[in-house]
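Visitor: Sharing a structure here in structure tokens format.
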Amino acid sequence: MKTDGKPDGRAQGKAHGKATGRPAGSPTSNVAGAPAGFDDLDRRLAHALQLDGRAPFSRIAAVLGVSDQTVARRYTRHRTTGALKVLGLADARALGEIEWLVRVQCAPEAAAGVAEAMARRSDTSWVSLMSGGTEIAAVCRAASSEHSDALLLQRLPRTPSVVGITAHCLLHEFYGGPQGLISKSGALTDEQIARLSPPPPDPDPAAVPVALSDADRRLFDALARDGRTPLAELAAVTGWSPTTVRRRLAELRTAGVLYYDVDYDLRQFGHGVMVALWLSVAPAELAATGEALAAHPEVAFAGATTGPNNLFASVLCRDVGALYTYLTTRVAALPGVRTMESAPRIRHIKGAGPLVATSPAAPGRRR
């Protein structure tokens, strides 16, 4: 949402243990059918890439205390199998765009087709089937508030099988964007985090939203597929020289337009259940509750929205038992919560990058 005014992504505090007593990044074999999970070096590599997705493998290797070849080999293997990859993404607010959290209610037999149609759109992300296959959840981006009505009323699939659409404008992001769930894993020490973290973005608060050129858009298209695309390939895509590409990447990142994220197989970090959580919070408590929720090791994204449920979060837990414990302890203790609605994700269709065809049995992705 990133999916999502994004935070600068440098708040990298360690997790203090989930409600289950297991650190957020610990591997587990308790998820039915799941692999054993990343080993310690894999988790440290993933954390390093979350901090700086284009950091040279030599710098990562020096901080992790292994060889360059080991880091390159690990990343290549996981990138090839689809277990781990870096994405270069555009921040919506830095571009002056508006993000909407959209919920589409469908007849069960039509939901998968409508979700696939939504996923093919360039202005959607995080498209998932929820709640037994009768609801679709997605993030939609509009160029401005003036364009939102066209997006929500005209461009979304129109079919008799769609029985309802609700949309909630994302007002503020408490956690997300460059702050991935990996950042809460505690895989790296504070000293390692400091050595790997690049300077935070330094956007001009008085500047108008950044306008992207056609070459910029081709650059982002390439980075959304592979955030570590070599400079030579980016130069070929944009028509720029490698020096110009390097300079433009630095400019976009300094302005807060470009950030890097890590997409990974949830099972590799021991996550078996993803739930969308909608909370109704008293207005006077919204900011404090949002900040408290964002600090939970289980929360991959948290944001304030319009609508009767004014606080949204994506929650990842090991299994349904851990989810129950989380909801009845950490969430129950939050201040100002009036009501809670939860919707489990049953199939992931599209993430932050471009649509990638997968089978219904494909492993879930983060968030």
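Visitor: Between GLY25, GLY5, GLY82, GLY9, which is under 23 Å from GLY351 (Cα atoms), modelled with pLDDT under 95, of a type outside the set (A, V, I, L, M, F, W, C) and out of contact with any strand residue (DSSP E or B) (no Cβ under 9 Å at 6 or more places or on another chain)?
Guide: Among GLY25, GLY5, GLY82, GLY9, only GLY25 is under 23 Å from GLY351 (Cα atoms), modelled with pLDDT under 95, of a type outside the set (A, V, I, L, M, F, W, C) and out of contact with any strand residue (DSSP E or B) (no Cβ under 9 Å at 6 or more places or on another chain).
Visitor: Give region 239-258 a look and list any residue that's hydroxyl-bearing (Ser, Thr, Tyr), surrounded by 15 or more Cβ atoms within 10 Å (Cβ to Cβ) and farther than 16 Å from ALA211 by Cα, or say none. Even if it seems obvious, please write down each step before you answer.
Guide: Taking region 239-258 first, the residues hydroxyl-bearing (Ser, Thr, Tyr) are 241, 243-244, 254.
Still in the running and surrounded by 15 or more Cβ atoms within 10 Å (Cβ to Cβ): 244, 254.
Answer for region 239-258, where residues must be hydroxyl-bearing (Ser, Thr, Tyr), surrounded by 15 or more Cβ atoms within 10 Å (Cβ to Cβ) and farther than 16 Å from ALA211 by Cα: just THR244.
Visitor: At pLDDT below 90, open to solvent by 20 Å² or more (accessible area, probe 1.4 Å), of a type outside the set (Asp, Glu) and in contact with a Leu (Cβ under 9 Å, 6 or more places away or on another chain): does that describe PRO354? Walk me through how you get there before you give the answer.
Guide: On the way: at pLDDT below 90: yes; open to solvent by 20 Å² or more (accessible area, probe 1.4 Å): yes; of a type outside the set (Asp, Glu): yes; in contact with a Leu (Cβ under 9 Å, 6 or more places away or on another chain): no.
In short, no.
Visitor: Within region 295-329, which residues are open to solvent by 10 Å² or more (accessible area, probe 1.4 Å), assigned to a helix (DSSP H, G or I) and not polar (S, T, N, Q)?
Guide: Answer for region 295-329, where residues must be open to solvent by 10 Å² or more (accessible area, probe 1.4 Å), assigned to a helix (DSSP H, G or I) and not polar (S, T, N, Q): VAL320, GLY321, LEU323, TYR324, LEU327.
Visitor: Next up: Determine which single condition VAL162 fails, assuming it passes every other condition in (1) over 17 Å from the mean Cα position of the chain (by Cα); (2) within 30 Å of HIS296 (Cα to Cα).
Guide: Failed condition: (2).
So that you can scan it fast, the table gives a plain yes or no per residue for (1) among the basic types (Lys, Arg); (2) in contact with a Gly (Cβ under 8 Å, 6 or more places away or on another chain); (3) at pLDDT 95 or above:
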site	(1), (2), (3)
PRO230	no, no, yes
THR244	no, no, yes
GLN268	no, yes, no
TRP278	no, no, yes
ALA292	no, no, yes
ALA304	no, yes, yes
LEU323	no, no, yes
VAL331	no, no, yes
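Visitor: Please note which helices (runs of 4 or more DSSP H) are completely contained in region 46-123 and include at least 3 residues that are open to solvent by less than 50 Å² (accessible area, probe 1.4 Å) and closer than 28 Å to PHE312 by Cα.
Guide: Numbers: elements: 57-64, 68-81, 108-119.
Passing ranges, in order: 108-119.
Visitor: Hey, can you tell me all the residues within region 223-238 that are buried (at least 17 other Cβ atoms within 10 Å of the Cβ), among the small types (Gly, Ala, Ser) and not in a loop (DSSP other than H, G, I, E, B)?
Guide: ALA224, ALA235
Visitor: Out of VAL320, VAL281, VAL273, VAL315, I need the residue that is over 17 Å from the mean Cα position of the chain (by Cα) and within 24 Å of ARG43 (Cα to Cα). Which one?
Guide: Details: VAL281 fails: within 24 Å of ARG43 (Cα to Cα); VAL273 fails: over 17 Å from the mean Cα position of the chain (by Cα); VAL315 fails: over 17 Å from the mean Cα position of the chain (by Cα).
Criteria check complete, one pass: VAL320.
Visitor: Need pairs with beta-carbon distance below 8 Å; first residue within 16 Å of ARG93 (Cα to Cα) and of a type in the set (S, T, N, Q) and within region 163-175, second open to solvent by 20 Å² or more (accessible area, probe 1.4 Å) and not in a strand (DSSP E or B); sequence gap 6+ or separate chains.
Guide: Pairs that qualify, where the first residue is within 16 Å of ARG93 (Cα to Cα) and of a type in the set (S, T, N, Q) and the partner is open to solvent by 20 Å² or more (accessible area, probe 1.4 Å) and not in a strand (DSSP E or B): there are none.
Visitor: From the list PRO209, PRO157, PRO198, pick out the single residue that is open to solvent by less than 60 Å² (accessible area, probe 1.4 Å), outside any helix (DSSP H, G or I) and at pLDDT below 85. Walk me through how you get there before you give the answer.
Guide: Numbers: PRO209 fails: open to solvent by less than 60 Å² (accessible area, probe 1.4 Å); PRO198 fails: at pLDDT below 85.
When all the criteria are applied, what remains is PRO157.
Visitor: Looking at (1) open to solvent by 10 Å² or more (accessible area, probe 1.4 Å); (2) assigned to a helix (DSSP H, G or I), can you tell me which one VAL163 breaks?
Guide: Failed condition: (2).
Visitor: Follow-up. Since ALA288 meets every condition but one in (1) buried (at least 19 other Cβ atoms within 10 Å of the Cβ); (2) outside any loop (DSSP other than H, G, I, E, B); (3) among the small types (Gly, Ala, Ser), which condition does it not meet?
Guide: For ALA288, the exception is condition (1).
The values are calculated or read from the model by the stated rules, or taken from the named source; none is laboratory data. These numbers were taken from a predicted model, which means no experiment stands behind them. So basically every Cβ, Gly included, is an ideal-geometry build from the backbone, and we count neighbours across all protein chains shown. Accessible surface is based on the protein model in full, side chains and every heavy atom, while ligands, DNA and RNA are left aside. Shrake-Rupley method; radii C 1.70, N 1.55, O 1.52, S 1.80 Å.
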